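This report refers to the structure that appears directly beneath it.
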Amino acid sequence: MKKFNIRKVLDGLTAASSSSSSAAAQSGTPRENDVIQETLQSEHFQPCKTVRHGFPYQPSSMAFDPVQKILAIGTQAGALRLFGRAGVECYCQHESGSAVIQLQFLVNEGALVSALADDSIHLWNLRQKIPAILHSLKFNRERITYCHLPFQSKWLYIGTERGNIHIVNVESFTLSGYVIMWNKAIELSTKTHPGPVVHISDNPMDEGKLLIGFECGVVVLWDLKCKKADYRYTYDEAIHSVAWHHEGKQFVCSHSDGTLTTWNVRAPAKPAQIITPHGKQPKDGKKPEPCKPILKVEYKTTRAGDPFMVLSGGLSYDTVGRRACLTVMHGKSTAVLEMDYPIVDFLTLCETPYPNDFQEPYAVVVLLEKDLVVIDLGQIGYPIFENPYPLTIHESPVTCCEYFADCPAELIPALYSVGSRQKRQGYSKKEWPISGGNWGQGTQSYPEIIITGHADGSIKFWDASALMLQVLYKLKTAKVFERARSKEEKPSTEIVEEDPFAIQTLSWCPESRMLCVAGVSAHVIVYRFSKQEITTETVQLLEVRMQCEFSNGDSPDPGGEQTPTLPTPGASSSPQDSEPPTQPSTGSNSCDGPRDNIPCLKVRSSPLKQSPGYQVELVIQLVWVSGEPPQPISSLAINSSYGLVVFGNSNGLAVVDYLQKTLLLNMGTSELYSPSEPYQRQPRSPRKQRQPSGAACDTNDGSNTSEDRCKSPTSEKRFERLRSLTCKKRFCSVKEGKVEARMHQKGPVCRTKSAPNSYAKDNSFIRSRSSSVSSIDRESREAISSFHFCESFPRKIDSLVSPCLLVGTTQGTVMMVALSLPPGGDQRLQQPVGISSCGTLVSLKGGILTMALLDATGTLLPPAYESWYDPNASDEDKEKNRRRRPASPPSSQEGQDSQFAVLCSEKQAKVVAMPSQTRIYKHNITETSFVLRADVVQMAGANCIACFCANGHIMTLSLPSLRPLLDVNYLPLTDMRIARTFCFSNLGQALYLTSATEIQRITYSQETCDNLQEMLSELFTPVETPEAPNRGFFKGLFGGGAQSLDREDLFGETASGKASRSLAQHIPGPGGMEGMKGAASGVVGDLARARIALDERGQKLGELDERTAAMMASADSFSKHAHDMMLKYKDKKWYQL
């Protein structure tokens, strides 16, 4: 029977509707792209998450499997992150989203138990590549406070807030009828409740003795067989943790007053020792002063020397400003190790998993709020291990992100070679101790690079190949500027209070390795890559004065005054010619007078030593204009073949020749429109023109605008475009009130868009000052939103391609700018570059997001680039390596279009034939939302447009026909961070920042989804459990070794009965037998399926054995009864019956 494929039907319908609408729109126009065979279909697309990188956001708990050597970290949002050797990572999530309060490994079993704040426990199967929950148990009447799973036991002890202890069979996830009630554990004479259970552990030498710690300070040694308390240990300070000596004769408690009490098991009357590790010892023999609580203590023994005691907290109260510390006590020495962040939890890693043997600790894993540190206990000074995981993404908050898949092969080795010199020294020389798992057998062999820009001005390059992440190189852009040593020394020209060097956007050319970054202080830095170290005596600086002048008529009239003409190709163009004349100061006043022609940051004047890697070529700074700060840079592009950098903001755009270090063009957006076309603008407020141009700002307005201006780009409210249509009116009224007074001034309007929460705060002020006309003024500001360098036809009449620049604006206009480049070599450095505007190419709804060019066959035409050469190498080497990539086909036959311009905005996409500039295709992407990010990407040997909408939809459109291929409501947009950092790349890859510390990578490729199981790493690997410690002859003879306990006889249903059904509810997990069958694949999957089949067969055989045994017992019983009856009536007569 033939399969029915609904997606193919949909493809046919969308293609038919798309072609019919385009034909209707362009009747009579020849369809040049009929010859282009589009190979992409809906079957090629399927979105799914691949891997998550970075530090677990808001960690809450931790566990370690000492045999598998796997580390698990739980978070406050219910996430689980599992780590093995470098490159072995896994992420999974509890559906409830409740905080993970405790984790317990089933050591060397490939399973993990998690306890959540919603009083549920879950059993995770780690034997499959994507872990799944096998069982869940939800407590209804009691709150879980502590869990303990003994080594090689299937019975889990669960302590509750009421002070009771319940026991769960982790194989079936059912409750035992055996319960330790708090009132039986404590003395009957005690009148108060002992508080929640804060600790449970069994005696290392006697599994039948359970140590229970209550919050109030009472510790009970419970005899499981006799169901009574053997000893009770009482101390008048609250307990936080308890740790055993491996011989089971002593244990240590940590208390809330910073003390450690050591108890002998058989001497419950008083502690054998009381110490205050960080308390000052008074000379008169009195008790030391109380300290902060010791939150956790671990007691580990060694064969050759003194035991280790590791503890967190316990510092004296007079160390108020001191950072969190971990204390390591070994013999008579005490080491206090300061941490950068508060300690969440720590674990001591030991050579043996058996609690009744010498522990031999070798490392301490310390989980901090924003870092993971592993300390080497085997070396003097306790050095830390070098962390192989990519946990430093958040070292400084991420402000922008770019993703490049299928990069040039030599890029990653080049970046690694210069980045390896930046590594810190002083790490432990031993191997990283968390070394479990195996890498996936990935089929992806292409290089991938992720670039992150940060709030401190740093830029990090990451190797993201094969679903891994490793930092390659770090660039610090702040080195270019003078740093203020204190707040008093900060220049008054800074426009942000925090993070003045924060990266706002970047443009990178992988082939030429040219890098251009724009910062929040309206600065642009151009970098070249070099393998040689240099010292730059003077940093090249170019200051640009960008302003927008409003006259009585806001837009040029076709019949009246025309816009200034741009330099014609070949004409002289210098900064003096291009810059508008300086206007007299009419802006806002300040105590030190209006600031004018002053940059926001000061470039360093001393020589700059530049290490191998990215080195500064040119610094461009926008300056204050008549008391107004420069507007933030909204778009940026660099082209290595042309030697040009272009950037734009709400005032206009500027083109800089970074080879000649000159400003070529500085023009307002309105001046880009050609004189023959009306400048599209809404009517301005008539009240504005009656207002004197030099009117002073309202104090309220001024304070609000400066407050908005000083917000760091790391703020979540800084993302301006994201707004729902339902709230648009409300936001407009806020904007009116804030900017109305400043709109009256000459010069640029300061950037303000209010956050939603400021609406309520300034409600009364807004109502009195808002007007519908001034909101139109504000919305009519047209900023530059995107650029694209290309080689195309600037005008309809052109038959030869030439260098061009496509300019997109926030109002949906795409304009063409022609570039006239001098010949190469020395002439390129001496003759000026000519620029001329060619007017509007096309208009779309919404701001322009991305632009690209296709040739006549539908192949993507990337911008021209120059291959990389080392700028500090000899001239011979430069000429040998320096070559320009051949341009696109040079000519177009008369009357025939040979290129297609692909244009995508926040609302729609269009394909325009070049040079005729006729629209071939048009597609409305969304009516109710808007596109946040769009990229033209290569996928399965073809090209498409990938879009991410504000409503969480991921869409793809074919090229050039704009046929919808994918539309999935995949990612509910709950965080502005996602909107700001989402980006697509080639070959079906994408990523976004899912939290302040984590990057989530996803794929929208069906092929990658199909191969994902093979590509992911394996957490569980078959490892032999170490042999149990030898009891020795005399211990075996006299019974001095560890005492075992048959817990099945004690806790099983036969002995203890059934637990109350209302106490907890069992929930089968999706990762049960059926889930495992579906999830398993590949070689590991075959093994897993074989194991499942064996388990099922064994289970059925076991059931058969049980039934056979029951039938035999029944037969024996019947035979016995029959025999008894026969003996009873054997000698009796019939009348005696």
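The values are calculated or read from the model by the stated rules, or taken from the named source; none is laboratory data. Please read these numbers as outputs of a predicted model, since none were measured by experiment. As a convention, Cβ positions derive from the backbone with ideal geometry for all residues, glycine included, and neighbour counts pool all protein chains shown. These accessible areas exclude ligands, DNA and RNA; they are computed on the full protein's heavy atoms, side chains included. Shrake-Rupley method; radii C 1.70, N 1.55, O 1.52, S 1.80 Å.
All of Gly208, Gly163, Gly159 fail the test of being crowded, with 22+ Cβ neighbours inside 10 Å, more than 34 Å from the chain's Cα centre (by Cα) and assigned to a strand (DSSP E or B), apart from Gly159. Every residue in the stretch 248-273 that is hydrophobic (A, V, I, L, M, F, W, C) and farther than 15 Å from Ala238 by Cβ, please. Result: Phe251, Val252, Trp263, Val265, Ala267, Ala269, Ala272. Evaluate the stretch 498-513: report whether one residue or more is free of Cβ contacts under 8 Å to residues at least 24 places away in the same chain and either in contact with a helix residue (DSSP H, G or I) (Cβ under 9 Å, 6 or more places away or on another chain) or closer than 17 Å to Cys400 by Cα (or both). Checking the stretch 498-513: not a single residue is free of Cβ contacts under 8 Å to residues at least 24 places away in the same chain and either in contact with a helix residue (DSSP H, G or I) (Cβ under 9 Å, 6 or more places away or on another chain) or closer than 17 Å to Cys400 by Cα (or both).
The rows are residues; the columns are (1) surrounded by 19 or more Cβ atoms within 10 Å (Cβ to Cβ); (2) among the polar types (S, T, N, Q).
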| position | (1), (2) |
| --- | --- |
| Ala304 | no, no |
| Met309 | yes, no |
| Gly313 | yes, no |
| Tyr317 | no, no |
| Asp345 | yes, no |
| Leu367 | yes, no |
| Asp376 | yes, no |
| Gln379 | no, yes |
| Phe385 | yes, no |
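Taking each residue of the stretch 347-374 that is on the phi > 0 side of the Ramachandran plot and looking for partners that are outside any loop (DSSP other than H, G, I, E, B) and open to solvent by less than 20 Å² (accessible area, probe 1.4 Å) with beta-carbon atoms closer than 9 Å, six or more apart or interchain, yields Glu360/Cys350. Among the conditions (1) within 26 Å of Leu347 (Cβ to Cβ); (2) open to solvent by 60 Å² or more (accessible area, probe 1.4 Å), the only one that Pro271 does not satisfy is (2). Of the residues that sit in the stretch 525-559 and are of a type in the set (Gly, Ala, Ser) and at pLDDT below 50, which one is farthest from the chain's Cα centre (by Cα)? Across the stretch 525-559, the extreme among qualifying residues is Gly559. Restricting attention to the stretch 220-227, does a residue exist that is within 30 Å of Pro1029 (Cβ to Cβ) and touching a residue at least 60 places away in the same chain (Cβ under 8 Å)? Checked the stretch 220-227: at least one residue is within 30 Å of Pro1029 (Cβ to Cβ) and touching a residue at least 60 places away in the same chain (Cβ under 8 Å).
Taken over the stretch 54-111, the residue count meeting the criterion of being polar (S, T, N, Q) and under 15 Å from Leu347 (Cα atoms) is 4.
Evaluating Lys907 against the criteria (1) touching a Lys or Arg at 6+ places or on another chain (Cβ under 6 Å); (2) open to solvent by less than 10 Å² (accessible area, probe 1.4 Å); (3) not aliphatic (A, V, I, L, M) leaves one unmet condition, (2).
Within the stretch 419-438, is there a residue that is buried (at least 19 other Cβ atoms within 10 Å of the Cβ), farther than 24 Å from Gln532 by Cβ, in contact with a Ser or Thr (Cβ under 8 Å, 6 or more places away or on another chain) and in contact (Cβ under 8 Å) with a residue 40 or more places away in the chain? Yes, the stretch 419-438 contains at least one residue that is buried (at least 19 other Cβ atoms within 10 Å of the Cβ), farther than 24 Å from Gln532 by Cβ, in contact with a Ser or Thr (Cβ under 8 Å, 6 or more places away or on another chain) and in contact (Cβ under 8 Å) with a residue 40 or more places away in the chain. The condition of being among the hydrophobic types (A, V, I, L, M, F, W, C), farther than 27 Å from Ser843 by Cβ and crowded, with 20+ Cβ neighbours inside 10 Å holds for Met939. Among residues that are closer than 26 Å to Pro1022 by Cβ and either under 18 Å from the mean Cα position of the chain (by Cα) or surrounded by fewer than 21 Cβ atoms within 10 Å (Cβ to Cβ) (or both), Leu82 is included. Glu927 satisfies every condition listed in (1) farther than 29 Å from Glu1007 by Cβ; (2) buried (at least 21 other Cβ atoms within 10 Å of the Cβ) except (2). Only residues that are open to solvent by less than 10 Å² (accessible area, probe 1.4 Å) and either in contact (Cβ under 8 Å) with a residue 60 or more places away in the chain or polar (S, T, N, Q) (or both) were counted across the stretch 85-107, and they come to 1. Among the residues making up the stretch 108-145, those that are within 27 Å of Ile239 (Cβ to Cβ) and buried (at least 21 other Cβ atoms within 10 Å of the Cβ) are Leu112, Val113, Ser114, Ala115, Leu116, Asp119, Ile121, Leu137, Ile144, Thr145. Yes or no: Leu854 buried (at least 16 other Cβ atoms within 10 Å of the Cβ) and out of contact with any Phe, Trp or Tyr (no Cβ under 6 Å at 6 or more places or on another chain)? No; evaluated as a whole, the condition is false for this residue. Please indicate, with yes or no, whether at least one residue in the stretch 655-665 is over 30 Å from Glu494 (Cβ atoms), at pLDDT 80 or above and either in a strand (DSSP E or B) or open to solvent by less than 10 Å² (accessible area, probe 1.4 Å) (or both). The answer is no; no qualifying residue exists.
Looking only at the stretch 964-983, decide whether some residue is under 30 Å from Ser799 (Cβ atoms), open to solvent by less than 20 Å² (accessible area, probe 1.4 Å) and in contact with a strand residue (DSSP E or B) (Cβ under 6 Å, 6 or more places away or on another chain).
No: zero hits.
In the stretch 330-341, what count of residues is obtained for those that are surrounded by 12 or more Cβ atoms within 10 Å (Cβ to Cβ) and either among the small types (Gly, Ala, Ser) or closer than 23 Å to Leu71 by Cβ (or both)?
4
With respect to Gln562, is the statement that it is of a type outside the set (A, V, I, L, M), modelled with pLDDT under 60 and open to solvent by 40 Å² or more (accessible area, probe 1.4 Å) true? Yes, satisfied.
Of the numbered criteria (1) free of Cβ contacts under 8 Å to residues at least 60 places away in the same chain; (2) more than 26 Å from Ala272 (Cβ to Cβ); (3) not charged (D, E, K, R), the one Cys216 fails is (2).
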